[in-house]
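To keep things clear, I will list the structure first and then write my remarks on it.
The values are calculated or read from the model by the stated rules, or taken from the named source; none is laboratory data. Computed from a predicted structure; not experimentally measured. Cβ placement follows ideal geometry from the backbone for every residue including glycine, while neighbour counts extend to all protein chains displayed. Just so you know, the surface numbers come from the protein's heavy atoms only, side chains and all, with ligands and any DNA or RNA stripped out. Shrake-Rupley method; radii C 1.70, N 1.55, O 1.52, S 1.80 Å.
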Amino acid sequence: MSPVFPMLTVLSMFYYMCLRRRARTATRGEMNSRRAIESNTRALPINVEIVQYAKEVLDFSSHYGSENSMSYTMWNLAGIPNVYPSSGDFTQTAVFRTYGTWWDHCPSARLPFKRTPPTFCSQDYVELAFEEPVYPTAVHILETYHPGAVVRILACSANPYSQNPPAEVRWEILWSEAPTKVNGPQARQFTPCIKQINFPTNLIRLEVNSSLLDYYTELDAVVLYGVKEKPVLSLKTSMIDMNDIDEDEDEEKYGCGMDTLNKQFSIVTLREWPTNGYFDKLPYELIQLILSHLTVPDLCRLAQTCKLLYQHCCDPLQYIHLSLQPYWAKINDTSLEYLQSRCTLIQWLNLSWTGNRGAISVSGFSRFLKVCGSELVRLELSCGHFLNETCLEVITEMCPNLQELNLSSCDKIPPQAFNHIAKVGSLKRLILYRTKVEQTALLSILNFCSELQHLSLGSCVMIEDYDLITSMMGAKCKKLRSLDLWRCKNITESGIAELASGCQLLEELDLGWCPTLQSSTGCFTNLARKLPNLQKLFLTANRSVCDTDIEELAANCTRLRQLDILGTRMVSPASLRKLLESCKDLSLLDVSFCSQIDNRVLLELNANFPNVFIKKSFTQ
């Protein structure tokens, strides 16, 4: 037999495996539903079913509310329902920060990472603890407004109330589906068919994707049903589909896609063929291009076929951009250690959501960056609760070319640690949403990082004087294009004036829920006159916004695409018509709870300006 054929056989087998896996992924929802329905028909042992509401909210990626109140916060998911079965916009519910695709179409939008598995579409998460560990039989999610965002439900083997943390933390997917469009915003009880797991749990994680929603989804409560004793499957197996068995084997073998990452990368005893067949006729670059379309787990698997493909799969050029967020449940120190030799040229790295509950240590993270940090340009560390001051110090020392740093919801980092970020003078994007950055550190960052173009300070409650902060921005950050000051509590017209005078390139400004700003001081008209490049302006919940402000925006900010004036009572339909006629690119206008904009006016505006999504929320 010609030596060409073994290599063709290897490639054919791998291609066949990818096709079968894609076919199974496309029908995953059908198989999960069928599997769950069958499991419900199997006989359970005589065991009392326990019904529990969430006792505590342990962790979450974002929320609409403030850090110092309960309105619209994730903490509303603890306990019995506050709103259900009522429908509408209620402050007593849990609401995530974003919805729809609007945040993907604004100046601060970030480029997506390639090689993200099609089965991973989660944008936010919340983790809930329950009193009693049980073998889950059902999970009920009470959605009270714009349902349909939940895309994954997971269970954890770790008991958050145990005094002895387990040696290994295991996550199991109970249910998973692609985002779906739900007709209507009305409340519902969402009860997906979940699969059985072989360990008891009192830690449930919901992951959501709100990209298909017309407004913020609102969750009221989560109910966990389960039994104390492990269910015993019946012997009736005649209805089990062989594809389901195969899929289960895949899940057991690969877990969330990376279960055997460490073993796969450490394979060295591979067969070497006398020749490489047609691969010898292909340019090295072409093979690299073909492999660049594979996900990281698929690269791991292909690397085990032969030495030639192992060489290609381990080439650092395959890891220039690497996102490990889809595999957050499986990434640990050992994973990073095995990836080190392949990531020496890495420029984009996404470790968001990874490393929690001891999976990644400070020393493991530091070792990785010391080897792989020199070329890093972008580093995503959202919700990385293992991060501390040592980690930030290592980042600033080992990543001299860093331009983008995301520390969103890294609320375990101590305030003084943020001083280290000032050493990275090349920073262009810095996300500090829901962190404990304090004023002195932030002033130092603004002073030394004059190249900043995108800055997020939303819900940073430790900053005492935002006027001083914006004054420094106006003096030092002349290239600033987007600024998030969501829920900053003490900025005044003085700070806005300094900002507008010094940062005239601003295209995006979020001043939502900033109660100290008053239209009567002229702060909003000043913004409109000084910032003609504005494309996104959020003045959410500022009840003082008036017709004069809207007319100034219409006259000066004709490039405006997104405007949120939720809650104002002083804007008339006439001024909105002027705005819509002047701003031809406007695509989002939120006039929820604007008392002068009733349903009749809304229908008229929608009819005359069909290309603009005009949102008006309601409460029943």
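Would you confirm, using the coordinates I've provided, whether T119 is touching a Lys or Arg at 6+ places or on another chain (Cβ under 9 Å) and either assigned by the TED database to the domain that holds E207 or surrounded by fewer than 20 Cβ atoms within 10 Å (Cβ to Cβ) (or both)?
When the stated conditions are applied, T119 passes them.
Any residue in segment 358-366 that is among the aliphatic types (A, V, I, L, M) and surrounded by fewer than 23 Cβ atoms within 10 Å (Cβ to Cβ)?
Yes, that holds for at least one residue.
Within segment 186-209, is there a residue that is closer than 30 Å to S592 by Cα, outside any loop (DSSP other than H, G, I, E, B) and more than 23 Å from the chain's Cα centre (by Cα)?
Within segment 186-209 (the criterion being closer than 30 Å to S592 by Cα, outside any loop (DSSP other than H, G, I, E, B) and more than 23 Å from the chain's Cα centre (by Cα)), the answer is yes, since at least one residue qualifies.
Need the failing condition index for T237 against (1) under 24 Å from V126 (Cα atoms); (2) modelled with pLDDT under 90; (3) exposed (fewer than 12 other Cβ atoms within 10 Å of the Cβ), just the number.
(1)
Kindly indicate which of C372, C306, C343, C300 is of a type outside the set (D, E, K, R) and within 23 Å of P118 (Cβ to Cβ).
Only one candidate qualifies: C300.
Of the residues in segment 171-198, how many are under 22 Å from E229 (Cβ atoms) and either free of Cβ contacts under 8 Å to residues at least 60 places away in the same chain or loosely packed, with under 14 Cβ neighbours inside 10 Å (or both)?
Going through segment 171-198 one residue at a time, the tally reaches 3.
For segment 210-223, what are the residues that are under 30 Å from Y161 (Cβ atoms) and out of contact with any Leu (no Cβ under 8 Å at 6 or more places or on another chain)?
T217, E218
Within segment 358-405, how many residues are in contact with a strand residue (DSSP E or B) (Cβ under 8 Å, 6 or more places away or on another chain) and not hydroxyl-bearing (S, T, Y)?
Counting residues in segment 358-405 that are in contact with a strand residue (DSSP E or B) (Cβ under 8 Å, 6 or more places away or on another chain) and not hydroxyl-bearing (S, T, Y) gives 15.
Would you mention how many residues in segment 122-138 are within 12 Å of the chain's Cα centre (by Cα) and open to solvent by 20 Å² or more (accessible area, probe 1.4 Å)?
Here the count works out to 1.
Cβ-Cβ under 8 Å, sequence separation 6+ or interchain: first residue in segment 204-220 and over 18 Å from D59 (Cβ atoms), partner polar (S, T, N, Q) and not in a loop (DSSP other than H, G, I, E, B). Which pairs?
So the pair list comes out as E218/T144; D220/N76; D220/T144.
Have a look at V83, V57 and point out the one that is more than 27 Å from L452 (Cα to Cα), among the hydrophobic types (A, V, I, L, M, F, W, C) and assigned to a loop (DSSP other than H, G, I, E, B). Walk me through it before giving the result.
Details: V57 fails: assigned to a loop (DSSP other than H, G, I, E, B).
Going through V83, V57 in turn, just one is more than 27 Å from L452 (Cα to Cα), among the hydrophobic types (A, V, I, L, M, F, W, C) and assigned to a loop (DSSP other than H, G, I, E, B): V83.
Do you know which residues across segment 59-111 are at pLDDT 95 or above and of a type in the set (D, E, K, R)?
Scanning segment 59-111 gives D59, R97, R110.
If you check every pair at least six apart or on different chains, which have Cβ atoms under 9 Å apart with a residue in segment 417-442 that is acidic (D, E) first and a residue that is part of a loop (DSSP other than H, G, I, E, B) and buried (at least 20 other Cβ atoms within 10 Å of the Cβ) second?
As it stands, the answer is E438/C460; E438/I463, since those pairs meet every condition given.
Consider T344 against the criteria (1) within 23 Å of I331 (Cα to Cα); (2) in a helix (DSSP H, G or I): it satisfies all of them except one. Which criterion is unmet?
Going through the list (1) within 23 Å of I331 (Cα to Cα); (2) in a helix (DSSP H, G or I), T344 breaks only (2).
Under 6 Å between Cβ atoms, which residue pairs at least 6 apart in sequence (or on different chains) link something in segment 330-354 that is within 13 Å of G373 (Cα to Cα) with a partner that is part of a helix (DSSP H, G or I) and small (G, A, S)?
L336/G364
Is segment 381-391 home to any residue that is more than 16 Å from I445 (Cα to Cα) and in contact with an Asp or Glu (Cβ under 8 Å, 6 or more places away or on another chain)?
Yes, some residue in segment 381-391 is more than 16 Å from I445 (Cα to Cα) and in contact with an Asp or Glu (Cβ under 8 Å, 6 or more places away or on another chain).
Looking only at segment 281-302, filter to residues that are charged (D, E, K, R) and open to solvent by 70 Å² or more (accessible area, probe 1.4 Å); which one of those is modelled with the highest pLDDT? Walk me through how you get there before you give the answer.
Step one: list which residues in segment 281-302 are charged (D, E, K, R), which gives 281, 285, 298, 301.
Among the residues that remain, those that are also open to solvent by 70 Å² or more (accessible area, probe 1.4 Å) are: 281, 285.
Working: K281: 85, E285: 93.
The selected residue is E285.
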